[in-house]
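What follows is calculated from the coordinates using simple rules that are stated; it is not laboratory data. Worth saying up front: this structure is predicted, and the values here are computed from it rather than measured. As a convention, Cβ positions derive from the backbone with ideal geometry for all residues, glycine included, and neighbour counts pool all protein chains shown.
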Amino acid sequence: MSYEKVAQVKSKLIIGTKQTLKAIRNGQVSEVFIADDADHHITEKIKLLADEMNVSCKRVDSMEKLGEACGIDVGASAAAVRQ
């Protein structure tokens, strides 16, 4: 289900760890998707900040599939939906 949701809102996506963290800090995000096979050290920062800012955080199983759903040719460790 999550991949389909990501694919439906491509125009409102923020893709990548740094951009996602920045957007969460700026209060621009309504939902975050994190790939389970991404480096835990990196994604944990996103999860903690999302929890702190009361942003819904969903897990997906694959960076490759998340990147594909985002419309990019590489894997994505995280993506966020802009408000």
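Just a few scattered comments:
- Rough spin-label spacing in nm, given labels placed 7 Å along Cα→Cβ, for residue 12 and residue 64: 3.0 nm
- Charge dipole (debye, nearest 20) of the chain; +1 at Cβ of Lys and Arg, -1 at Cβ of Asp and Glu: 440 debye
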